[in-house]
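The values are calculated or read from the model by the stated rules, or taken from the named source; none is laboratory data. Please read these numbers as outputs of a predicted model, since none were measured by experiment. Ideal geometry is used to build each Cβ from the backbone, glycine not excepted, and the neighbour counts take in all protein chains shown.
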């Protein structure tokens, strides 16, 4: 990207709305409630042919450093330091407020270019606030409407003038389109003609979502992983609202970590804003490959923990359980044994679930956690050749044949893996509707053992094989 732009301003002036417009997606949560955004969010943005990185920030508020608002302000100040240019946004309808003048001094101290924007400038009500903005001393403000897309051309011209054409439009060498292949293209499309048993590619980026109940320590864990106070943390429950993605290098591998809002019981979810936060977290789970489920070691395996885990397994993601706040546990060996027993008993959908004790505050157990993530990711991506699968099917039927239903034996004819991520198998049999669920479960468990598919969800479908004589019978009739 050519440069980095930080959007700065008081709460509820429309920063996240402009952020979404520049990015072209609804990445940031938007609501009429002031102070929705708390963490800073980075994304690739563009206006016409000009491409850059934009940072959405929390609304600036004058508050004590130890308070939640004070920590949010600290995150915004870090965004100003990271950015090459700041976009200072005011609400043209509300006019200038004392905080606007105070925060304009903060931007001047940065010594970096500042573009003044008067948002919500549509209509006559905004005229007085627009002209008041001249008092801030940043020159003529740009009147725009982030919600309706008005004034984007003026913003484009102002950015080019502030940073120069060479920075706004850097020369880039021609590159082959093959280098920009979609990172999701490795997902199997269900074709049986794919190359089977591909070697695991340890160089490809990995997407990891971190989920759990409120105040389980998700943001603290990610900050410890990346070695930076990138995400807002504190003793208050429910600090995180947006699903924030952070890039990280672990053992020369690119990892994209997604922090999510804490998921409470459905009956306790109140208000539109919390529903939007949870919806954003669920979307992060859908696009993740591995999901780290953070449990609180002091109150583990609560009903909500199990419901979150079940949701991830049904979604087909690769789960890893991280028992956080392990530094608060005294009798560790006994507690860990109980954790493994509970995981096996309460989450039987996936055999061999990885349960890793960690401490997000001290960093204890993070190397073991990442080792488990890699092992689960490998199993989640594994493919088994059709020849090996059918040899396994013959052995299964020889040692434990399918039961006879209604006096007729059910024949299992053929099995193939139709896709990976998670491993999904299709079995051709004579009467799929009559095959007991217990026998399908036996086949899945045996499959795990034979091909080392522990710790990952497995999907197995039964279908009736085609009858080659069916058309001949119809012709004879």
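Within the stretch 315-330, is there a residue that is assigned to a loop (DSSP other than H, G, I, E, B), buried (at least 20 other Cβ atoms within 10 Å of the Cβ) and touching a helix residue (DSSP H, G or I) at 6+ places or on another chain (Cβ under 8 Å)? Checked against the condition, which is being assigned to a loop (DSSP other than H, G, I, E, B), buried (at least 20 other Cβ atoms within 10 Å of the Cβ) and touching a helix residue (DSSP H, G or I) at 6+ places or on another chain (Cβ under 8 Å), the stretch 315-330 yields at least one hit. When residues in the stretch 436-464 are screened for being out of contact with any strand residue (DSSP E or B) (no Cβ under 6 Å at 6 or more places or on another chain), assigned to a loop (DSSP other than H, G, I, E, B) and either at negative phi or free of Cβ contacts under 8 Å to residues at least 40 places away in the same chain (or both), 5 of them pass.
Residue count for the stretch 276-312 under the criterion of being over 25 Å from residue 367 (Cβ atoms) and either free of Cβ contacts under 8 Å to residues at least 40 places away in the same chain or in a helix (DSSP H, G or I) (or both): the result is 17.
Checked against (1) within 15 Å of the chain's Cα centre (by Cα); (2) surrounded by 14 or more Cβ atoms within 10 Å (Cβ to Cβ), residue 279 meets all criteria but (2). For the stretch 94-121, residues that are in contact with a strand residue (DSSP E or B) (Cβ under 9 Å, 6 or more places away or on another chain), part of a loop (DSSP other than H, G, I, E, B) and farther than 18 Å from residue 19 by Cβ total 4.
Are any of the residues in the stretch 261-275 on the phi > 0 side of the Ramachandran plot, outside any strand (DSSP E or B), modelled with pLDDT under 75 and outside the structural domain of residue 20 (by TED's automatic domain parsing)? Scanning the stretch 261-275 turns up at least one residue that is on the phi > 0 side of the Ramachandran plot, outside any strand (DSSP E or B), modelled with pLDDT under 75 and outside the structural domain of residue 20 (by TED's automatic domain parsing).
For the stretch 389-435, taking the residues that are in a helix (DSSP H, G or I) and touching a helix residue (DSSP H, G or I) at 6+ places or on another chain (Cβ under 8 Å), the one that is surrounded by the most Cβ atoms within 10 Å (Cβ to Cβ) is identified as 396.
Under 13 Å from residue 458 (Cβ atoms) and outside any strand (DSSP E or B), is that true of residue 379? Please lay out each step first, then the result.
Working: under 13 Å from residue 458 (Cβ atoms): yes; outside any strand (DSSP E or B): yes.
Yes; evaluated as a whole, the condition is true for this residue.
Taking the criterion of being closer than 23 Å to residue 153 by Cα, under 17 Å from the mean Cα position of the chain (by Cα) and either surrounded by 22 or more Cβ atoms within 10 Å (Cβ to Cβ) or at pLDDT 85 or above (or both), the residues of the stretch 24-45 that qualify are 28, 42, 43, 44.
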